[in-house]
Structures are given as C-alpha cells and as structure tokens.
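Trainee: If you scroll down you'll find the structure; I have some questions about it.
The values are calculated or read from the model by the stated rules, or taken from the named source; none is laboratory data. As the structure is a computational prediction, the values presented were derived from the model and not from experiment. Cβ atoms come from the backbone with ideal geometry, glycine included; neighbour counts cover every protein chain shown. Only protein heavy atoms, including side chains, enter the accessible area calculation; ligands, DNA and RNA are left aside. Shrake-Rupley method; radii C 1.70, N 1.55, O 1.52, S 1.80 Å.
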Amino acid sequence: VMGALESRGVLRRMSDMLEMLMKKMDILARLENSTDFHKGDEARFPLDRFQPAAGLMERIQAIAQNVSDIAIKVDQILRNSLLNGKVVEGRRDQCEVPRDPKYPDCAGKVEWMRARWTSDPCYAFFGVDGTECSFLIYLSEVEWFCPPLPWRNRTVALPSPPPLPQVQAAIRGDLTRLLELIGTGKESLSFMKKRIRHLAQQWLRAARRLEQKLKGRQRDQKHILIHIGFLTEESGDVFSPRVLKGGPLGEMVQWADILAALFLLGHSLRVTVSLKELQSHLGVPPGRGNCPLTNPLPFDLIYTDYHGLQQMKQHMGLSFKKYRCRVRVIDTFGTEPAYNHEEYATLRGYRTNWGYWNLQPTQFMTMFPHTPDNSFMGFVSEELNKTEKQFIKSNKVSSMAVVYGKEASIWKVGGKEKFLAILNKYMEIHGTVYYETQRPPEVPAFVKNHGLLPQHEFQQLLRKAKLFIGFGFPYEGPAPLEAIANGCVFLQARFNPPHSSLNHEFFRGKPTSREVSSQHPYAEDFIGKPHVWTVDYNNSEEFEAAIKTIMRTQVDPYLPYEYTCEGMLERIHAYIQHQDFCTTSSPPLPPKAKSPAMQSPPSPLALSPNATHLVWSPSAIRDPRAWPPVDSLQVWVSETRHACTETCRRHGLVCEPTFFRFLNKKEVFLQLSITCDSTEYEMNHLYPAVAENVHECYLQKEPLLFSCAGYNTKYRRLCPCRDYRKGQVALCRDCL
C-alpha cells in the first residue's frame, strides 16, 4: 500500500515520543508527591533543585504539540494511501473481502481488524495501516484466515531456501559448556549447576554406556529450547529465595537432570529463565502477543512447565496453536486426559487452573510413572559402587532415624505425638529442619535437629541412618529414593481413605483425579518391602511392630534402574527419537452409515491361546515405524471398579494409551465375546467400554480423551496394556 512504509516509520516515532512523554510526566508526579518536598526540607532538598519543574512542563507541552502534528501527518499519509490505492494496479477492487468457502472466517476477521487493528502494536509492525488491503495482506500472509491475494504472488512469494544439512547428534564427553549455558544470577541456577557438577562423572560414564548400546545408530541433532517458567520473575519465582532456606528442591533436581541428559545426548540447547529471553528466542513481534511469530520457530522441541506454557500462549499468538506439538511440559503430578480436553473438562466439571490445553496427554512429562497417559520423565539419584555399598552396610546405626522434610510446618501434622513417642522409645531421631537463629518450636526437644544441611552432608547422615521416616508430606519427592539408595528403610503412612482432589486441599485444583494411598506411591508400588514399609500410623501396634522388624532387618542400598543416569538417558533418547506429535495420524472417524463399501478393515487383534485377552495377530501387518511396537500390545477387560492403569498392573503390564486406537472398534467387543445390543460413539474418557447389565457398548469419539485413568461402577473398560523393560517401566522390551 502506497505510503505504508512512511506511515509505519512515523507511527513508531510517535510511539517513542509518547513513551518519553509518559516518563517525563511520571518523574514530575513523583517529584510533586515526594514527602520531603511537601515538608519543605530545604536542608536535604533545596528549592532551587526543583526550579526546572516549570520548564519541564513547557517541554511536555511542546512534545504534546509535536505528537499532534505527527498525528495530522499520519492522517494525511493514510488518506494519500487510500487515494493511491484506487488507481495503482487497480488494487481497490482487488482488496474487497473475498467470498471463498475455503476461508469461511475471512470476512469476520476483516471486520474485527477494522475495529481493533490499533489494539496491539504488532499489527502495525506487520504493515497494517487501517486500509482494507493491509488487512487482507496480513490475514493471508501473516495469519491464514484469508486466501492469498493474486497480485501479491508475483512480488511477495519467495522461493523457500534449501534445507540445511541435518547435523548428527553425538554423545558428549564434557559438561563444561552446559554449565555456561545455564547462566548465573539466581540461587536456583547455582543449585542446579552444583548438582550437575556433583554427578558429572556418573553422567559421563552412563553416556558412554548408552553410546555402546546404540552402536553408532544415526540420530539427528535437535534444536531444543529449555524455558523454566517457574523461575521467571513474571511467575513470581518463589523457589530461588527459598533454596537456602529449606524450600522444595524436587523441581530443580529434575530440571538439572533434564538439562544434563539432553546435553549429553548431543542436542543443541538454549536455556531461558526470563520472559524477555523467551520472546527473543521465539521471535515474538513487539506488542501484546496477538500476532504470530516473525519467523518459523527455530526449535524442534521446547521443554517447559505450566508457567512457561502460559507465557508462550500469551506471546505467540496463532503460532502457539501451530507449534504446540513441539512442546514437552514438565508436570510433577500429571495431567489426565479428562482435564486436558478443554471442551470436555468444561462440560463435565473437570476444568482446573492447570488443565484444558488440548495437548496430546503424552506431551506432559511426570516425575514418577504414576500416570501412564503422560510420559515418565523422572530424575536421577546418586549411584554407589560395590565398595561404597559394603562400607554403608557395615556402618549403619540400627537405632538411628532421620525425618523426611526440611520445613518446620511438617512437624505440625496432627496426631504425630503418639507415633513419635513410640519411635523415640527405640531410635534416636534426627531432623534437618531449616532455622535462622532459634530452634523451631515445632520440633520436639528429643529430636536432634541438624538444621538445613548441604547435599553431601545430608547424604552422610542417610548413610549412617537405618530409617528414613515420612510424616505424610511432602508428596512424591526425590528424597525417599535417595535414602533407599543409601541403604535406609523408608517408612511412610498409609492414607485411608486415599488423598485426592476430592478430599485433600493439596491436590485440589490439580488436573488429576488420582488417588494417593501413601506419601510416596512409587516407593510403595514399585519398590516395596524390605526397602519400603507403608503402615497405618494410627494403629500403634502395627507401627511399633514395623519399627522392631525394620531394626533387625538387613537391607542393601537399592536404586531402581530408571532413576540411574543411564536409565534416564535411555528414556529421553527413546522419547526424542520416537515421539512425534506433529505428524500423528488420527484414527478414522466413526462411519455415519453402514454400507458394504464402508466396512472397516478386519481387526489386527486375535484371541490369546488361553482365551483370556487379545494380542496382536501374527498375520496382521506391522508398521515398522510404530512406537511402541504393536507386538507388545495385550487387550484386557477391566473390572467395574478398576481403571485401565490398575487393570494392566494386575497382569504385570502397564497401560499404553497410544494403543487405544486399535481397540476402538465394534469388532473388538465381538472378539472378546461381549454382547452389544447397541454401539454408540460418544465423548467420554472411560470409552471404549461396555455397560454389561444392559449390553450397551460405547466407542470413543474424541481421540484426545483416550485415557488409562478413570473408572465407573457402570462400565467395564477395554484396556490396552503392554510389557515393559525390567526397571524401566516407560519402555517396552523392544522399545529401545
């Protein structure tokens, strides 16, 4: 559009002048409101210091006049643009809103632009100047709501640059560059760097072992952005100030380990902990975040958290929807499909402050493998060699207990006096509760409190202690695994009834209906006795019997493989190689009518030899690119009170949500000898399922709602299960 470039430049200068005007006015206001100025404190603030105030007002008035003059000039330019637009290349007719059925939203978007194009400076940045042509150019070339303008093709469309040669990822043998990438300026960053240095040799040894396993397999190097949203000032960064005061460190432990793993796997990383850096790396245009990015996203993957996800949505405009398939969300407690699907969550009462993102549920990555609908990311604990293990076993003090938790608030738990008195009868109790000057009054006098200990001193305490005891909070942190790895027995309370968002404040608002039966369900379910004891703390006899047994039981230091450096490297490598949420093929939609031409292909499943469940048929075609491999699939029918998570676990398997697409067929009910008087497609996170008492079968209408979690006494669910590698529940036996 004629005059557009000049008008954009003038608009920008006008914006700068207005900003200067605001700053000057702000300074003047602060001077006028100064307490000392109003007191007339000439000794500290002589009156002649403020004589320029009158001159400042004159300057402000002059600036205002300049702005007014500029506005008149801009108006003239825009008028000229409209006049020129009538004759130049006959563009006026070509800038009428097209009526193209392929672009049904075009007219509405143009109408919106007419009314609101000045609401965000980003539109002017992209050349919008209030004319119809500029609206259509923006809506067809920057956004994609209108068809391309034919006369723009000759001048605007440029040939795509040839793709750059793909660099191959190579296992790295040094972590120095990573420490530089993480940066400085926050206690949380210092903590993460210290952790990476401490575990450096274990990481490097594990990386070499994985390299041998991969046997020279080709891997493309990914460009990865790591944006730790909860550490940004905009999200409040409540963690950094508490690092040295006993605050929660679990998230920072996990982020440090994620950074180490991604770096050692040979990928190209960028790390941000500020909103300004995020905007710079993404290519966010100036403004309020309503426009798309200025260039294609330069990252193959983005690892962030819920805070970072919200920041990206606010500043990426339509680009967020386009690129969200590249995002991986580090999510401690998990996000179940019912809470993730915005429409369903709103209609069915599952909406919370943290859900409704409409991502693939496996894009959420958890700290423990409690939610098969999400991917298990995890973290690492320090491994011991044989000599260290033997030394620890021979130096254990059988009458020494350490309490889990660094904050005094955990000692306020109700009813603790009874079980503490029993524990104190048999063992010397140690605490590591933070305090500044005086001993926390919540900690009983018979407890030896060491205060907040550095990590290596805390580990030395664990290596001497026999027992690591939890008071019910915090939930699912890394410390119990560290204690077990250092030869402690972990004792925790059984929750009856289980804690969940329905009955416990901590879980209220979290996007999960998971029921937590103990302080650390992973330790209870995946490790168990003799390393982990889960008892009723309100039953004094049961509690005392457990203490006596633990004191005379010999246990070796134990660390599950999935929490070693090698286990985590293996897992993240598999995810990066095989998880692709940008090119996933959607399952076919339910047919509207039955006809011979529309019959669905035969089921690839077959009845197992003992006729209890379905397996992948030996004669069925296998897609070699499918991951996990379909050979690992088993289909089981749940009991009415069991979710698929529990159903698969009872058969020594794990629920695999990517396999639901093979179950979501009427033929599968027939293969399992389930009678269906009717079969309906509906949106429900429990489907596919059968209501057996009325012989009604239900198939899933919305693939995003395929869910391992959830049960209802009305339904028996069809559950996709798979095998898993010993000590590595995230991967099937042939998944690596």
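Trainee: Between ASN693 and TRP144, what is the label-point separation in nm under the 7 Å Cα-to-beta-carbon projection?
Mentor: 4.9
Trainee: Go through GLN700, LEU672, THR645 and say which Cα lies farthest out towards the positive end of the charge dipole of the stretch 605-722; charges sit on Cβ, +1 for Lys and Arg, -1 for Asp and Glu.
Mentor: Projecting each Cα onto the dipole axis, the largest value belongs to THR645.
Trainee: Beta carbons within 10 angstrom, averaged per residue: use that to sort the peptides 97-103, 663-669, highest first.
Mentor: 663-669, 97-103
Trainee: Continuing with this model, one more query. About its Cα centre, what dipole magnitude does the stretch 125-277 give when the only charges are +1 on Lys and Arg Cβ and -1 on Asp and Glu Cβ, stated in debye to the nearest 20?
Mentor: Working: 21 positive and 15 negative charges, 254 e Å.
With Lys and Arg at +1 and Asp and Glu at -1, about 1220 debye.
Trainee: Would you pull out the residues with amide H under 5 Å of ASN449's amide H, same chain only if 5 or more places away, H placed 1.01 Å from N?
Mentor: Close amide H contacts, sequence-distant or interchain: GLY431.
Trainee: OK, next. From Cα coordinates alone, what are the radius of gyration and Dmax values for the stretch 386-558 in angstrom?
Mentor: 15.7, 48
Trainee: Based on alpha-carbon centroids, what's the gap between the stretch 412-488 and the stretch 317-357 in Å, whole number please?
Mentor: A separation of 37 Å, based on Cα centres.
Trainee: While we're here: Hey, got the dipole for the stretch 338-477? About the Cα centre, +1 on K and R Cβ, -1 on D and E Cβ, debye to the nearest 20?
Mentor: Here the size comes out at about 740 debye.
Trainee: Go through the stretch 251-265 residue by residue and turn each phi into a ³J(HN,Hα) via Karplus (6.51, -1.76, 1.60, θ = phi - 60°); whole Hz please, and just put x for glycine and proline.
Mentor: 5, 6, 4, 5, 5, 4, 6, 4, 4, 4, 5, 4, 5, 5, 6
Trainee: Let me ask another. Give the residue from ILE137, TRP112, TYR123 lying farthest towards the positive end of the charge dipole for the stretch 94-151; charges sit on Cβ (+1 for Lys and Arg, -1 for Asp and Glu) and the dipole is referred to the Cα centre.
Mentor: So the residue we want is TRP112.
Trainee: Continuing with this model, one more query. Probe 1.4 Å, all protein chains in place: accessible area of VAL238 in Å², nearest 10?
Mentor: So the heavy atoms of VAL238 present about 90 Å² to solvent.
Trainee: Tabulate in residue order the Karplus-calculated ³J(HN,Hα) for the stretch 688-702, using 6.51 cos²θ - 1.76 cosθ + 1.60 with θ = phi - 60°, rounded to whole Hz; enter x for Gly and Pro.
Mentor: Those phi angles translate into x, 7, 10, 8, 5, 5, 10, 6, 9, 10, 10, 10, 7, 8, 10 Hz.
Trainee: Name the shape class, rounded, prolate or oblate, that the alpha-carbon gyration tensor gives for the stretch 94-151, where a ≥ b ≥ c are the square roots of its eigenvalues, rounded holds for a/c under 1.5, and otherwise prolate holds if a/b is larger than b/c and oblate otherwise.
Mentor: Because a/c hits 1.5 or more and a/b exceeds b/c, the stretch 94-151 counts as prolate.
Trainee: Something else now. Between the alpha-carbon centers of the stretch 166-191 and the stretch 555-577, tell me the distance in whole angstrom.
Mentor: The stretch 166-191 and the stretch 555-577 have Cα centres spaced 20 Å from each other.
Trainee: For the stretch 175-376, calculate the relative contact order in percent as a whole number, restricting contacts to Cα pairs under 8 Å that are 6 or more residues apart. Working shown, then result.
Mentor: Details: 295 pairs, mean separation 37.7, N = 202.
Over the stretch 175-376, the number comes to 19 percent.
Trainee: Assuming a strict under-21 Å limit between Cα atoms, what lysine pair count do you get for the stretch 175-376 once near-sequence pairs (fewer than 8 apart, same chain) are dropped?
Mentor: Within the stretch 175-376, the lysine pair count is 12.
Trainee: Sort SER240, SER673 by heavy-atom solvent-accessible area, probe 1.4 angstrom, most to least.
Mentor: SER673, SER240
Trainee: Another question, then. If you place +1 on the Cβ of every Lys and Arg and -1 on the Cβ of every Asp and Glu, how big does the dipole about the Cα centre of the stretch 386-558 come out, in debye to the nearest 20?
Mentor: Charge dipole, the stretch 386-558, about its Cα centre: 440 debye, nearest 20.
Trainee: Just by accessible area at a 1.4 angstrom probe, what is the order of THR131, THR437 from largest to smallest? Write out the running numbers ahead of the final one.
Mentor: Details: THR131 10, THR437 120 Å².
Sorted descending by solvent-accessible area, the residues read THR437, THR131.
Trainee: Please report the antiparallel percentage of the DSSP beta bridges confined to the stretch 386-558, to the nearest 5.
Mentor: 10
Trainee: Provide, as a two-decimal number, the C-alpha radius of gyration of the stretch 175-376 over 2.2 N^0.38 Å, N being how many residues it has.
Mentor: Normalised by 2.2 N^0.38 Å, the Cα Rg of the stretch 175-376 equals 1.06.
Trainee: Further question on the same structure: For LEU633, which sequence-distant residues (separation of 5 or more, or a different chain) have an amide H within less than 5 Å of its own amide H, given hydrogens modelled in the peptide plane?
Mentor: TRP616
Trainee: Within the stretch 175-376, what whole-number % of the accessible surface is contributed by carbon and sulfur, with the 1.4 Å probe and all protein chains included in the calculation?
Mentor: Answer for the stretch 175-376: carbon and sulfur cover 47 percent of the accessible area.
Trainee: Between ASN539 and GLN455, how many nm apart are label points set 7 Å from Cα along the C-beta direction?
Mentor: With each label placed 7 Å out from Cα toward Cβ, I get 3.8 nm.
Trainee: Given axes a ≥ b ≥ c from the Cα gyration tensor, I'd like to know whether the stretch 605-722 is rounded (a/c under 1.5), prolate (a/b larger than b/c) or oblate.
Mentor: Since a/c stays below 1.5, the shape of the stretch 605-722 is classed as rounded.
Trainee: Could you calculate the FRET efficiency of GLN438 with GLN314 from 1/(1 + (r/R0)^6), where r is the beta carbon distance between them and R0 is 41 Å, rounded to 0.05?
Mentor: 0.40
Trainee: Sticking with this one: Counting alpha carbon pairs within less than 8 Å and at least 6 residues apart, what relative contact order, in whole percent, applies to the stretch 608-736?
Mentor: 32
Trainee: Let me ask you something else. Can you give me the accessible area per residue for the stretch 175-376, using a 1.4 Å probe, in Å²?
Mentor: 39
Trainee: Next up: List, in order, the whole-Hz ³J(HN,Hα) value for each residue of the stretch 414-424 obtained from phi through the Karplus relation with A = 6.51, B = -1.76, C = 1.60 and θ = phi - 60°; use x for Gly and Pro.
Mentor: For the stretch 414-424, the Karplus-derived couplings read x, x, 6, 4, 5, 6, 5, 5, 5, 4, 5 Hz, x marking Gly and Pro.
Trainee: Using a probe of 1.4 angstrom, how much of the accessible area of the stretch 386-558 is carbon and sulfur, in percent?
Mentor: 50
Trainee: What residues have an amide H closer than 5 Å to that of TYR435, excluding those fewer than 5 places away on the same chain, when H is modeled at 1.01 Å from N in the peptide plane?
Mentor: LEU452
Trainee: To continue, here is another question. Using only Cα atoms, locate the centre of the stretch 604-648 and the centre of the stretch 373-410, then give the distance between them in Å, rounded to an integer.
Mentor: 37
Trainee: Further, regarding this structure: Top to bottom by accessible area (1.4 Å), largest first, where do HIS520, HIS695 land?
Mentor: Details: HIS520 0, HIS695 75 Å².
Ranked list, largest accessible area first: HIS695, HIS520.
Trainee: Could you give the length gained on full extension between ALA626 and ASP734, defined as 0.36 nm per residue of separation minus the Cα-Cα distance, in nm?
Mentor: Numbers: separation 108, 0.36 × 108 = 38.88 nm, distance 1.16 nm.
Residue separation times 0.36 nm, minus the Cα-Cα distance, leaves 37.7 nm.
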